[in-house]
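The values are calculated or read from the model by the stated rules, or taken from the named source; none is laboratory data. The structure displayed is predicted, hence computed values, not measured ones. Using ideal geometry, Cβ is built from the backbone for each residue, glycine included, and neighbour counts are taken over all protein chains shown. Surface accessibility is based on the protein's heavy atoms, side chains included, excluding ligands, DNA and RNA. Shrake-Rupley method; radii C 1.70, N 1.55, O 1.52, S 1.80 Å.
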Amino acid sequence: MASGLRLLLLAALGLLFMAPYIWMVSASLKATDELFRAPMALLPEGWAAITNYGRVLREVPVALYLWNGLVMCGGILFFQLLFAIPAGYALAKLRFVGREWVFGAVMLGLLVPAHVPALPLYVALSGSGWLNTYAALIVPSTISVFAIFLFRQFFRSLPQDLIHAARLDGMGEAAIVWRVALPNAWPAATAFAIFSVVAHWNDLFWPLIATTGHARATPALGVLYFRTEEAGDDFGALMAACTIMTAPLVLAFLLAQRRFVEGISTTGLKG
């Protein structure tokens with residue numbers, strides 16, 4: 001009985017959180033004059049999917065926006081993992097003077113909003129001639145304070161005997177990080193990858209500053225351009241564009257959800 005109530009509650013909460021996405025998909029199938037008609041129905045009276053999605057595919061360089069988003073998110077994730085995994089391992093398993101102070105500085109970094117360094121980053125990228133390039137989209141986000149914290153907490157749960165055995169086999173600390181710690185940290189890496197990709201795929205603030213035009217526009221920026229230049233008040237087509245741009249995120253989460261849940265549930269078990 002208790003498990004049934006728990007399942008019912010979780011299903012209700014799941015539907016609640018999915019409601020905006022469900023409405024977006026439903027709206028993408030409707031004509032504009034039907035969207036705000038009372039009472040609002042989930043299923044359309046007249047299907048306009050071909051009209052809405054056809055207009056998006058004709059007028060929007062969907063493949064370009066998706067490719068830009070893939071390059072940006074992939075590049076950011078690569079460098080974030082490259083820096084965060086050794087840093088998290090050092091803070092969790094190595095003993096050195098000032099380690100707790102360094103970890104405190106990392107925690108303070110979590111309190112700095114992304115908007116604060118935007119102006120100096122823009123000036124630096126402008127001076128280097130990197131604006132409107134993939135580098136401008138990737139470089140400012142290559143170090144993630146949250147990733148360092150996440151991996152530090154995960155590595156603290158690794159058995160110390162495993163690290164000692166690797167050292168007795170003659171492995172250096174760098175080899176231990178990539179050949180011992182990382183293979184055991186895939187759940188945490190997958191969980192962080194979901195967080196990172198979703199955050200930067202949906203980010204509008206920095207791409208709007210760092211790029212101009214369609215050549216390096218990300219999916220979120222592409223939807224904004226479509227809304228401003230083409231769609232106007234055609235909310236059915238706008239919702240179709242949003243559905244196409246968010247579909248890769250949904251697919252990625254469905255493929256990685258087991259690892260994601262495992263990474264979240266096992267991170268921070270050891271204080």
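Restricting to the range 132-171, count the residues that are of a type outside the set (Val, Ile, Thr), open to solvent by 50 Å² or more (accessible area, probe 1.4 Å), outside any helix (DSSP H, G or I) and modelled with pLDDT of 90 or more.
Residues that pass the stated criteria total 1.
On the basis of being among the small types (Gly, Ala, Ser) and without any contact (Cβ under 8 Å) to a residue 60 or more places away in the chain, does residue 74 make the cut?
Yes, satisfied.
Residue 250: assigned by TED's automatic domain parsing to the domain that holds residue 78, at pLDDT below 90, open to solvent by 20 Å² or more (accessible area, probe 1.4 Å) and in a helix (DSSP H, G or I), yes or no?
yes
Kindly provide the set of residues from the range 210-232 that are under 23 Å from residue 129 (Cβ atoms) and open to solvent by 60 Å² or more (accessible area, probe 1.4 Å), ordered by number.
Listed by number, the residues that qualify are 212, 214, 216.
Mind checking which residues of the range 85-131 are open to solvent by 70 Å² or more (accessible area, probe 1.4 Å) and touching a residue at least 60 places away in the same chain (Cβ under 8 Å)?
Hits for the range 85-131 are 114, 115, 122.
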